[in-house]
1. Could you pull out every residue, at least 5 positions away or on a different chain, whose amide H is within less than 5 Å of the one on residue 22? Hs are placed 1.01 Å off N in the peptide plane, and Pro or chain starts have none.
2. Of 139, 289, which has the most accessible area with a 1.4 Å probe, and how do the rest follow in descending order?
3. Over all pairs of distinct alpha carbons, what does the Kirkwood formula give as the hydrodynamic radius of segment 1-78, in Å?
4. Mind listing which chymotrypsin sites (Phe, Trp or Tyr not before Pro) in segment 95-159 are in a DSSP loop and have 16 or fewer other Cβ atoms within 10 Å?
5. What distance in nm lies between label points placed 7 Å from Cα along the C-beta direction at residue 236 and residue 155?
6. Could you work out how far apart the two model spin labels at residue 217 and residue 244 are, taking each label as a point 7 Å from the Cα in the direction of the beta carbon, and quote it in nm?
7. Ranked highest first by the average count of other Cβ atoms within 10 Å around their residues, in what order do 238-250, 211-223, 48-60 fall?
8. Using 0.36 nm per residue, how much length does the chain from residue 262 to residue 128 gain when fully extended, once their Cα-Cα distance is taken away?
Amino acid sequence: INVVYVGIAGFLVTFVEKLAGGSGIPEIKCYLNGIKIPNVVRFKTLIAKAIGICFSVSGGLACGQEGPMVHNGAVIAAGISQGKSTTFPFVKSGFDAFRNDREKRDFVSGGAAAGVAAAFGSPIGGVLFSLEEGASFWDQSLTWRTFFCSMISVFVLNVFLSGSNGTWGQLSSGGLITLGTFQDQKNHGYSIKHIPFFVLLGILGGLFGALFNWLNEHLQLWRMKRVHVSKYRRFIETLVVALMTSLLSYLLSYFFHQCRRVSTDTTDDDEKSTTFQRRFYCPNGYYNDMASIFFTFQETAIKKLFHDDAEYSISVLLIFFVAYFILAIWTYGLSVPTGN
């Protein structure tokens, strides 16, 4: 099933719209800095990106769904500013005053900010993203417009998330990415003695990030020479990566796991997370710690580590880290919509 899902995502990118691949953030940065890229903000790109990212994440690839939200928001904003669509020429509106390159660029800045704000639940973060990472042309009025757009984006997202959680009107969701709430700050907070460990984590994160970029750069150069010369090779590569990701997840969960007893003492905050504990060849009343991390969403896996009473051995976490690190390097650059 995972191969079929990823195959659909790969087909949309390979044979429908090439620019729907990846996160789309580099393309939007180029557009906001004056580089014209054909079809980057077209409706066909939006459809391929929105549908493809659903199948990429559902197919179990080592990717997230946050990056494409920036591209999707930019495409929607560009379409609103023009009041028409080249894909559907019969759709028109009275937004003639915005039908110029400057207004379109400003709308794209707001759309990109709205995507970041919805992903992370931070309107100010969305504004700062467009200001610092995206646009080269900025003024005070655009700051307020972008901030207002980001606030509306987070509000609308909260409304829909409250309905999906069965609590319509409870606007308390922090965004698509949330690490949960720590109720007991006495046990889960931090003190000054923990700061050196935070510094160490930052150093390790920078080193591993540099290693990730170095390895992925060499992989992309190889792809350009061997894979990107043919659409069919690009499509076959997506199927191979999907198959290897599923196979590696299954084998590691089967051979390198520990069966641990399921805890019955849970709170409201971690109740949803504990429901994703996987038995996976463990007896009743026990869960497979490796499978519980692999066979779930990234956000849920992080919540498990923070909030579950469940235990995960150091060996399981190290094996998972190495495997996911390699899979993420291989996945980034595939001809499928992927996030960060």
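The values are calculated or read from the model by the stated rules, or taken from the named source; none is laboratory data. Every value quoted in this text rests on a predicted model; they were computed, and no experiment measured them. Heads up, the Cβs are rebuilt from the backbone with ideal geometry, glycines too, and the neighbour counts pull from every protein chain shown. These area figures cover heavy atoms from the full protein model, side chains too; ligands, DNA and RNA do not enter into them. Shrake-Rupley method; radii C 1.70, N 1.55, O 1.52, S 1.80 Å.
1. 336, 338
2. Working: 139 60, 289 0 Å².
So the residues, ranked largest to smallest area, are 139, 289.
3. On the way: mean 1/r = 0.0804 Å⁻¹.
One decimal place: 12.4 Å for the Kirkwood radius.
4. Working: sites: 95, 98, 107, 120, 129, 137, 138, 144, 147, 148, 155; in loops: 95, 137, 138.
Here the chymotrypsin sites (Phe, Trp or Tyr not before Pro) that fit, given the DSSP loop and packing criteria, are 95, 137, 138.
5. 5.3 nm
6. Each label point is offset 7 Å from its Cα along the Cβ direction, giving 2.2 nm.
7. 48-60, 238-250, 211-223
8. Values: separation 134, 0.36 × 134 = 48.24 nm, distance 4.28 nm.
Gain on stretching residue 262 to residue 128: 44.0 nm.
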